[in-house]
Amino acid sequence: MSIEVLDPGLLTTVQDLGRAGYERYGVPPAGAADPYALRLGNLLLGNEEGEAGLEVTLLGPTLRFEEDCWIAITGADLGARWNGVEAPLWEALPMRAGDRLSFGTPRSGVRAYVTVAGGVAVTPVLSSRSTYLRAKLGGLDGRALKTGDRLRIRAMPARHRRLPAKFVPMYDSSPFHVVLGPQEERFTQEGIHTFLSSAYEVRPDSDRMGVRLEGPRIRHAGAADIISEPVCTGAIQVPAGGEPIVLLVDRQTTGGYAKIGTVISADLPRLGQVMPGDQLTFAACTLAEAHRRLREREAGVSELRKSIAAGGLDCRRTLQVSTPTRTYAVEIDRQAAGRVSVRVDGTAYDVAVEAQRNRVPPDAGEQG
Amino acid sequence: MKGLDAVDFRFRPMGDRSLLIEFDELISPEIHRQVRALSQAIEEAEIPGAREVIPAYRSMAVHYDPQETSIEDLCLRIRELESRPDAHDVSGSRRVRVPVCYGGDLGPDLPYVAQHNGLTEDDVVAIHSGATYLVYMIGFLPGFPYLGGMSGKIATPRLPEPRTRTPAGSVGVAGTQTGVYPIESPGGWRIIGRTPIELFVAHEVPPARLWMGDSVEFVPISRAEFDGIRARAETGEPQWAQMGGP
């Protein structure tokens with residue numbers, strides 16, 4: 001009842017939506033750096049939104065499924081391949097025992113999520129399955145996956161569902177909205193102007209703790225250090241050197257640098273997808289605007305949830321095929337790359353599709 | 001304990017899900033008591049939409065769900081707590097004794113701290129273990145206590161190059177601060193000893209042994225005692241018995 005790790009990739013960890021309620025004890029939230037992608041992957045599979053999945057970083061793992069189960073791959077496009085053939089993203093996919101999932105060349109974003117119908121079964125630590133590497137907490141023994149690991153899953157049935165295109169997030173280079181503060185007065189007017197009008201490049205030493213940026217120095221009005229105070233995910237610290245650090249989910253719970261602003265919640269998932277070398281820009285926004293954008297996104301998720309409950313995303317096709325003598329009800333399922341399951345009047349047939357990428361793409365087959 | 005109604009604090013939004021509450025900009029036992037009292041009152045009030053309260057030296061954050069409460073309502077509810085007579089007292093603080101084996105390979109920077117301050121190693125140990133420290137806040141690492149009350153006589157600057165690995169339990173000095181690393185971590189503090197006690201235990205609630213407001217004393221122990229406590233810890237014997245409380 002598990003998934004075997006044939007190759008762990010660069011950094012693959014178990015993550016859910018994070019560890020709430022323990023920051024006062026110095027425990028960071030951790031969790032998916034792009035929580036929206038994890039939530040959607042879970043919804044497609046009929047899971048609770050906060051079910052634990054795998055966070056795959058840039059160079060993905062090779063996994064072998066030891067039992068039949070449904071998965072979804074969401075978030076970054078890291079060149080996922082299902083038995084060697086390109087795997088569709090943002091879609092529930094039925095894995096068969098023995099199937100392999102691997103990753104190739106990253107195309108957009110940094111973090112992909114592999115969710116499993118029923119979820120990854122690791123023991124929660126402090127009410128969460130998220131891995132916090134620095135304290136060796138949660139996930140699989142508090143560490144990243146390694147070769148030979150067997151990840152237990154609680155396989156549950158699911159259905160073919162594909163996310164409508166309008167819900168698929170764009171990991172583009174539009175400005176990140178920030179609510180200025182809470183230490184605006186620690187910066188000169190010119191410093192704030194520099195921050196809002198310059199492009200900052202993501203440094204290679206960025207990680208789940210924070211996105212370190214390189215670019216025009218932001219001038220402080222006085223000291224950069226403050227008496228240590230609580231921080232939050234998205235907070236933008238500016239140490240004395242003047243180059244900002246945007247805090248991500250593995251951030252410390254408190255910090256002693258002045259903060260010029262905080263990336264709004266609606267833009268945080270995209271922040272979890274920035275790559276070293278990317279150019280980031282920031283735009284000021286009011287608190288009311290930040291809350292409006294969050295409400296809009298959550299209204300979208302609610303709509304999606306309803307649509308899923310009503311079967312609106314199901315993408316299995318039932319066709320009627322007529323011959324001169326009678327009409328058959330034919331259900332066609334994508335079973336795996338190169339394999340299609342056809343059910344004719346209730347009897348199932350497995351059909352191998354040869355050279356399917358050139359001649360008979362599964363999609364064309366589904367549309368009859 | 002002074003009532004909250006006599007206390008001056010102000011609100012500032014930190015992003016769109018956190019409210020920062022600031023008191024006077026200084027580190028003092030009095031400000032600390034005000035922060036403790038208000039954070040405790042907010043927790044006990046169970047304000048709708050308030051998710052988590054994180055107290056610090058002279059401020060605290062309240063993480064909230066903007067789908068459940070507006071920031072205006074949240075601020076109003078917190079201001080209302082000032083007029084509640086039952087919310088003003090902070091619960092009693094604990095006295096916690098933390099055994100420390102000073103020097104040797106467990107405290108590699110003890111000679112430097114002594115030399116830097118023109119003292120003997122024994123002097124440093126006597127000064128460090130002779131004081132009572134107030135836990136101002138927990139932060140930086142899981143369970144890491146920010147302690148106040150160290151003597152300036154043993155103040156020592158941080159390492160010019162932080163160590164890539166400081167073992168769990170390491171007791172360090174940085175400037176005029178002292179603290180204990182609850183977990184292994186990179187760090188630039190001068191390490192003068194190590195406690196065999198685990199300050200962060202993930203499978204317990206609360207996971208941090210020390211809490212803001214606790215009074216901490218460091219008790220010198222020998223290497224044999226250190227090894228003995230560690231060996232008994234391996235067998236799962238509760239460590240609090242060895243700390244005299246709580």
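A short reminder: the numbers here are calculations on the coordinates, not readings from a lab. What you are looking at is a predicted structure, and each value in this text was computed from that prediction instead of being measured. Glycine gets a Cβ as well: all are built from the backbone with ideal geometry, and neighbour counts include every protein chain shown.
For this structure, a couple of remarks:
- Among A:Gln15, A:Gln189, A:Gln252: highest mean-square fluctuation, GNM of chain A, C-alpha pairs under 10 Å: A:Gln189
- Distant-in-sequence amide contacts of B:Tyr64, defined by a placed amide H-H separation under 5 Å and a gap of 5 or more residues or a different chain, comprise B:Ser18, B:Leu19, B:Arg51.
- Rounded FRET efficiency, nearest 0.05, which uses the C-beta distance separating A:Ala165 from B:Asp105 and R0 of 56 Å: 0.40
- Sequence-ordered 3J(HN,Hα) estimates for the stretch B:154-167 from the Karplus curve with 6.51, -1.76 and 1.60 and θ = phi - 60° stand at 10, 4, 8, x, 5, 4, x, 10, x, 6, 6, 9, 10, x Hz, glycine and proline given as x.
- Length released on extending from A:Ser197 to A:Ser173, taking residue separation times 0.36 nm less the Cα-Cα span: 7.2 nm
- FRET efficiency estimate (nearest 0.05) - Cβ-Cβ, B:Ala233 to B:Phe11, R0 60 angstrom: 0.85
- Centre-to-centre, using Cα atoms only, the stretch A:20-41 and the stretch B:118-166 are separated by 31 Å.
- Converting phi to 3J(HN,Hα) with the Karplus coefficients 6.51, -1.76 and 1.60 and the offset θ = phi - 60°, the stretch A:144-159 yields 6, 5, 9, 4, x, 4, 10, 9, 6, 10, 10, 4, 10, x, 9, 9 Hz in sequence order, with x at every glycine or proline.
- Only helical runs count toward this figure. For chain A, summing -39,500 (n - 2.57) over DSSP H runs of n ≥ 4 and dividing by all residues gives -4000 deg cm²/dmol at 222 nm.
- Length available on full extension from A:Val344 to A:Thr325: 0.36 nm per residue minus the Cα-Cα distance, which gives 5.3 nm.
- Taking 7 Å steps out from each Cα toward its Cβ at B:Glu46 and B:Ser215 produces label points 3.4 nm apart.
- Computed extension gain for A:Glu214 through A:Ser307, at 0.36 nm per residue and net of the alpha carbon distance, reaches 29.2 nm.
- Placing dummy labels 7 Å off each Cα toward the beta-carbon, the span from B:Glu72 to A:Leu6 is 5.9 nm.
- Spin-label model distance (nm) - A:Asp141 vs A:Ala221, 7 Å beyond Cα toward Cβ: 5.4 nm
- Among A:Cys315, A:Cys232, A:Cys285, B:Cys75, the ranking by other beta carbons within 10 Å of each residue's beta carbon, starting with the fewest, stands as A:Cys315, B:Cys75, A:Cys285, A:Cys232.
- GNM on chain B, alpha-carbon springs under 10 angstrom: the most fluctuating residue among B:Arg190, B:Arg97, B:Arg77 is B:Arg77.
- Distant-in-sequence amide H partners of A:Leu140 (H built 1.01 Å from N, under 5 Å): A:Val14
- Computed over chain A, the percent of Cα pairs more than 40 Å apart is 21.
- Karplus-derived 3J(HN,Hα) values for the stretch B:172-185, using 6.51 cos²θ - 1.76 cosθ + 1.60 with θ = phi - 60°, are x, 10, 9, x, 9, 9, 10, x, 10, 6, x, 10, 5, 7 Hz; glycine and proline are entered as x.
- Amide proton proximity set for A:Glu243, modelled H, under 5 Å, gap of 5+: A:Ile218
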